[in-house]
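The values are calculated or read from the model by the stated rules, or taken from the named source; none is laboratory data. Model, not experiment: these values are computed from the prediction. Glycine gets a Cβ as well: all are built from the backbone with ideal geometry, and neighbour counts include every protein chain shown.
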Amino acid sequence: MNNLRFRQVHLDFHNSPAIPGIGEKFEKTHWQETLQKAHVDSITCFSSCHHGWSYHPTHVGTQHPGLSFNLLRRQIEACHEIGVKVPVYLSGALNNLAAYHHPEWREITVDGGYPAWWSSSPLSPSFHKLCFNTPYLDYLCLMLNEVLAMFPDADGIFIDIIIQGECCCRWCLEDMIKEGYDPGKEDDRRRFSKRTLDKYYKRIFDVIHGATPTLPIFHNSGHLEIGNTAILNYFSHLELESLPTGGWGYDHYPLSASYARKLGLDFLGMTGKFHTSWGEFGGFKHPNALRYECALMLAQGSKCSIGDQLHPGGRLDESTYEMIGQAYAEVEQKEAWCVDVQSAATVALLSNTAFKTPSAVNSRSPISETGALRILLESHIPFDTLDPEMPFDNYKILILADDMRIAPEFKARLDKYLAAGGKIILSGTSGLWADRDEFAFAFGCDYFGASEFCPDYVQAAPRFAPDFVKTPFVMYLAAQRIKTTRAQSLGDIFDPYFNRDYQHFSSHQHTPYKPESSGFDAGAMAPQILYFAHPVFSIYTNYGNVALKQFVYNAIAAFAGKELPIRTTLPSQGRVTLMRQLKERRYILHLLYANPVKRGTRFKMDNGYFREPIEVIEDLNPLVDVCAGINVPETIRKVTLEPQGMELPATRSEDGYQTVTLGTMICHQILVFHY
């Protein structure tokens with residue numbers, strides 16, 4: 001496994017040919033001093049950019065017309081003198097210069113145009129998407145071969161924009177027909193695009209392996225597709241791009257990391273110093289945001305990378321690296337408690353998209369997984385995300401969120417898990433057979449099909465009720481109809497008088513509930529199965545209603561009991577993870593707290609895309625007297641506050657939780673439980 005460094009920078013460098021003086025402000029001493037003051041230990045520098053220019057002499061590509069020397073060589077030498085690694089960046093599917101000289105290499109959509117995501121018009125100021133099934137792949141391999149020969153001391157290869165659409169260029173059409181695909185069928189075009197990506201990975205791997213078999217390599221496609229593990233044979237590590245202000249938000253990275261840490265590869269999180277996203281000059285997020293984002297990466301078991309953009313002149317920006325230095329000084333102090341960690345989560349979220357549920361949506365934002373993620377994060381329940389190839393026997397609780405129906409082979413796995421004492425949380429249509437509307441499990445209730453009403457209302461049983469609602473609260477998506485027999489009811493469902501339509505409507509939104517219960521239950525709790533009749537996780541994604549979250553959490557807490565390893569008084573904005581260092585015989589409890597707020601407004605930019613409000617972290621407010629404790633099988637000898645090195649007095653509750661109290665906490669605190 002490639003062991004990554006903790007404090008990395010990804011240094012973007014995409015330059016128009018109209019800009020002169022490329023690199024003329026580069027000065028070795030300033031470069032070195034800036035990186036050292038910022039505590040940077042690895043920085044990714046450019047061989048070639050999206051515009052198509054190379055930043056060194058080249059016989060394959062074209063050196064940027066404004067560059068008069070080997071800039072990449074100077075950068076590598078300056079970094080290596082101070083012990084900083086330099087992975088080398090090449091642009092993959094975007095290369096405007098290649099597209100200009102070889103327009104036939106461009107990706108063509110099914111309607112004969114160019115992909116709108118990058119540039120559908122020659123008048124658009126954007127990058128041009130190329131097809132990996134054309135001779136462009138040969139050209140890219142030649143560029144890579146040249147880089148490997150010219151820079152044998154490079155510390156890795158980073159190839160960007162590894163995506164392939166349903167291309168209908170002449171090479172794709174010819175090969176689809178030759179290989180038995182039907183270009184007229186969307187499914188065949190998708191399968192062929194995957195085949196083309198596989199071709200890309202193998203070609204690039206052969207080039208690198210033939211030159212330097214141990215050289216680290218990462219192919220960036222913007223995010224990690226859950227379940228697509230076959231391509232990992234071509235990766236040495238993972239870099240999870242997740243810029244909270246760039247559209248990903250602060251909830252994206254925990255879900256991505258909760259899956260990545262189960263894949264057996266070292267990985268890092270990639271945020272950015274920008275107020276918005278890539279390509280922004282003069283944009284700065286508040287230093288407190290970078291401090292929190294780096295702490296979040298450490299808490300998820302990963303290393304850190306901060307995206308920056310080098311000015312064409314080649315001089316690192318002092319303000320940027322002062323900000324980075326504040327975050328990385330803290331990272332450097334915490335590394336000892338963040339290396340070689342394993343997740344100690346007892347809850348696993350089975351990925352809806354990876355298990356190929358019928359209603360799965362966009363893999364970057366599946367609504368059921370997103371809702372489950374948010375409820376778990378806000379309830380301080382550590383979890384891992386699993387695909388079908390991963391074992392789940394070691395987890396105490398599995399969550400099958402909202403729409404995960406059960407095929408026979410999946411049922412056999414779950415039966416074995418239940419027989420060994422595991423517990424399962426179901427909701428909505430999860431737990432129904434894949435081919436019929438019947439429950440695959442017996443858990444003490446009768447099933448009567450889907451409700452005809454939407455929305456309806458839940459009167460939670462007192463044990464599970466929100467702390468501020470005792471009357472029926474609205475559920476925005478339809479329920480499945482169940483009546484408990486032996487299981488404990490989670491509460492009563494109240495139907496509306498009628499569904500809202502043009503003939504029957506009342507007031508501004510939905511119809512009020514009838515005064516009497518429908519006779520159906522809001523869910524059921526049996527010894528090993530907890531079931532919510534509504535798709536509660538999708539509802540929470542779309543509506544974020546606190547009453548629903550408290551109802552779901554109260555039921556999960558009662559169902560799980562001591563099998564939830566953490567208790568804390570952190571507010572809902574707080575985040576926790578529990579990691580384990582086996583060699584050091586210790587558990588690492590990360591506590592984080594910040595208040596992201598949305599600023600700005602939705603508006604249409606000059607390029608036609610819409611800019612959404614941005615989640616911003618500015619203030620890091622202190623918390624006082626935060627309690628936190630864990631319940632683990634081992635006997636805890638002592639608890640220390642790190643990196644302060646201070647031992648804290650711990651109390652043991654009757655049900656086994658070892659708990660400490662923090663006087664004051666700001667942003668991130670590590671508690672180490674030694675056993």
Looking at Ser363 and the list (1) surrounded by 23 or more Cβ atoms within 10 Å (Cβ to Cβ); (2) modelled with pLDDT under 95; (3) not basic (Lys, Arg), which single condition is not satisfied? (1)
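Can Leu298 be described as buried (at least 24 other Cβ atoms within 10 Å of the Cβ) and either modelled with pLDDT of 95 or more or not β-branched (Val, Ile, Thr) (or both)? Even if it seems obvious, please write down each step before you answer.
On the way: buried (at least 24 other Cβ atoms within 10 Å of the Cβ): yes; either modelled with pLDDT of 95 or more or not β-branched (Val, Ile, Thr) (or both): yes.
It is true that Leu298 is buried (at least 24 other Cβ atoms within 10 Å of the Cβ) and either modelled with pLDDT of 95 or more or not β-branched (Val, Ile, Thr) (or both).
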Does region 533-555 hold any residues that are surrounded by fewer than 24 Cβ atoms within 10 Å (Cβ to Cβ) and not in a helix (DSSP H, G or I), and which are they? Gly544, Asn545
Scan region 413-435 and tell me whether some residue there is touching a Gly at 6+ places or on another chain (Cβ under 8 Å) and either in a loop (DSSP other than H, G, I, E, B) or over 20 Å from Gly561 (Cβ atoms) (or both). no
Among the listed residues Glu647, Glu584, identify the single one that is exposed (fewer than 14 other Cβ atoms within 10 Å of the Cβ) and either charged (D, E, K, R) or not assigned by TED's automatic domain parsing to the domain that holds Arg261 (or both). Glu647
Any residue at all in region 145-153 that's outside any helix (DSSP H, G or I) and more than 30 Å from Ile76 (Cα to Cα)? no
Kindly indicate which of Phe441, Phe410 is within 19 Å of Thr353 (Cβ to Cβ) and not in a strand (DSSP E or B). Phe410
Could you go through region 446-454 and let me know if any residue there is within 17 Å of Asn554 (Cα to Cα) and crowded, with 21+ Cβ neighbours inside 10 Å. no
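Anything in region 504-524 that is part of a loop (DSSP other than H, G, I, E, B), in contact (Cβ under 8 Å) with a residue 24 or more places away in the chain and surrounded by 13 or more Cβ atoms within 10 Å (Cβ to Cβ)? List them, or say none. Reasoning before the result, please.
First, the residues of region 504-524 that are part of a loop (DSSP other than H, G, I, E, B): 504-512, 514-520, 522.
Adding the requirement that they be in contact (Cβ under 8 Å) with a residue 24 or more places away in the chain leaves 510, 517-520, 522.
Residues satisfying the conditions are His510, Ser517, Ser518, Phe520, Ala522.
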If Glu647 satisfies all but one of (1) of a type in the set (Asp, Glu); (2) out of contact with any helix residue (DSSP H, G or I) (no Cβ under 7 Å at 6 or more places or on another chain); (3) modelled with pLDDT under 95, what's the number of the condition it fails? (3)
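Just checking, which of Val458, Val469 is outside any loop (DSSP other than H, G, I, E, B) and crowded, with 16+ Cβ neighbours inside 10 Å?
Working: Val469 fails: outside any loop (DSSP other than H, G, I, E, B).
Residue meeting the stated conditions: Val458.
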For region 587-618, enumerate the residues that are more than 20 Å from Val347 (Cα to Cα) and assigned to a strand (DSSP E or B). Val597, Lys598, Arg599, Phe603, Lys604, Phe610, Arg611, Ile614, Glu615, Val616
Would you be able to say whether some residue in region 508-518 is assigned by TED's automatic domain parsing to the domain that holds Asp437, modelled with pLDDT of 95 or more, acidic (Asp, Glu) and within 25 Å of Ala401 (Cβ to Cβ)? no
Filter region 202-233 down to the residues that are at pLDDT 95 or above, buried (at least 20 other Cβ atoms within 10 Å of the Cβ) and within 24 Å of Tyr259 (Cα to Cα) and list them by number. Pro216, Ile217, Phe218, His219
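Yes/no matrix, rows are residues, columns are (1) under 19 Å from Glu332 (Cα atoms); (2) under 32 Å from the mean Cα position of the chain (by Cα):
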| position | (1), (2) |
| --- | --- |
| Ser42 | yes, yes |
| Ser47 | no, yes |
| His51 | no, yes |
| Pro57 | no, no |
| His64 | no, no |
| Leu71 | no, no |
| Gln75 | no, yes |
| Cys79 | yes, yes |
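Which residue, of Gly314, Gly283, is free of Cβ contacts under 8 Å to residues at least 12 places away in the same chain, closer than 30 Å to Cys49 by Cβ and assigned by TED's automatic domain parsing to the domain that holds Phe69? Break it down stepwise before answering.
Details: Gly314 fails: free of Cβ contacts under 8 Å to residues at least 12 places away in the same chain.
None of the other options fit; the residue is Gly283.
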Looking at (1) under 22 Å from Ala372 (Cα atoms); (2) out of contact with any Ser or Thr (no Cβ under 6 Å at 6 or more places or on another chain), can you tell me which one His504 breaks? (1)
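Check whether at least one residue in region 52-63 is more than 23 Å from Leu148 (Cα to Cα) and not basic (Lys, Arg), and report yes or no.
The initial filter retains those residues of region 52-63 that are more than 23 Å from Leu148 (Cα to Cα), namely none.
Among the residues of region 52-63, not one is more than 23 Å from Leu148 (Cα to Cα) and not basic (Lys, Arg), which makes the answer no.
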Scan region 486-503 and give yes if some residue there is in the same structural domain as Ala557 (by TED's automatic domain parsing), without any contact (Cβ under 8 Å) to a residue 24 or more places away in the chain and of a type in the set (Gly, Ala, Ser), otherwise no. no
Residue within region 137-158 that is more than 27 Å from Asn228 (Cα to Cα), acidic (Asp, Glu) and modelled with pLDDT of 95 or more present: yes
It is to be established whether one or more residues within region 329-345 are out of contact with any strand residue (DSSP E or B) (no Cβ under 6 Å at 6 or more places or on another chain), surrounded by 22 or more Cβ atoms within 10 Å (Cβ to Cβ) and in a loop (DSSP other than H, G, I, E, B). yes
